[in-house]
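The values are calculated or read from the model by the stated rules, or taken from the named source; none is laboratory data. Small disclaimer: the values here were computed from a predicted structure and weren't measured. Note that we place each Cβ from the backbone using ideal geometry, even for glycine, and neighbour counts take in every protein chain shown.
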Amino acid sequence: MDNYIILNMNLFTYENKLFAATADGGVETIGSFTIEELPKVITAYAYDNNIFKVKMTGSEKYSQIIEFGIGMEEMKNYSERKIEVEVI
């Protein structure tokens with residue numbers, strides 16, 4: 001099993017919970033963040049932990065906004081795009 005970041009997008013809450021799925025099948029909580037904070041937090045966590053797959057649930061429109069934000073953070077801070085985003 002691969003490592004990946006899980007985001008369950010809920011537009012009716014102020015903060016959205018972010019989790020990391022580990023190779024051994026476990027899940028650890030990263031924290032709760034606002035929609036504005038998510039791209040920066042996801043990108044930093046992904047690069048710090050070598051996890052380049054993000055799975056998101058929720059609104060397709062807001063998932064695209066988060067995906068765009070992640071891409072912008074990657075280009076700004078790392079000059080490359082490695083994070084793959086999947087909406088499930």
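Data table
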read-out	value
Members of the stretch 22-32 found to be touching a residue at least 24 places away in the same chain (Cβ under 8 Å) and surrounded by 13 or more Cβ atoms within 10 Å (Cβ to Cβ), listed by number	Ile30
Glu74 touching a Lys or Arg at 6+ places or on another chain (Cβ under 6 Å), closer than 21 Å to Asp2 by Cβ and surrounded by 13 or more Cβ atoms within 10 Å (Cβ to Cβ)	yes
Number of the condition not met by Tyr62 [criteria: (1) modelled with pLDDT of 95 or more; (2) part of a helix (DSSP H, G or I); (3) over 17 Å from Lys82 (Cα atoms); (4) not small (Gly, Ala, Ser)]	(1)
Residue list for the stretch 44-59, filter: crowded, with 16+ Cβ neighbours inside 10 Å and in a strand (DSSP E or B)	Lys53, Val54, Lys55, Met56
Some residue of the stretch 36-47 being over 12 Å from Asn3 (Cβ atoms), at pLDDT 95 or above, touching a Ser or Thr at 6+ places or on another chain (Cβ under 7 Å) and of a type in the set (Val, Ile, Thr)	no
Criterion violated by Leu11 - all others in (1) without any contact (Cβ under 8 Å) to a residue 24 or more places away in the chain; (2) farther than 22 Å from Asn77 by Cβ; (3) among the aliphatic types (A, V, I, L, M) satisfied	(1)
The stretch 2-43, residues that are on the phi > 0 side of the Ramachandran plot and either in contact with a strand residue (DSSP E or B) (Cβ under 8 Å, 6 or more places away or on another chain) or not in a loop (DSSP other than H, G, I, E, B) (or both)	Gly31
Filter pass, Glu28 being of a type outside the set (A, V, I, L, M), in contact with a Ser or Thr (Cβ under 7 Å, 6 or more places away or on another chain) and at pLDDT below 95	yes
Some residue of the stretch 66-86 being more than 12 Å from the chain's Cα centre (by Cα), closer than 17 Å to Asn8 by Cα, at pLDDT below 95 and basic (Lys, Arg)	no
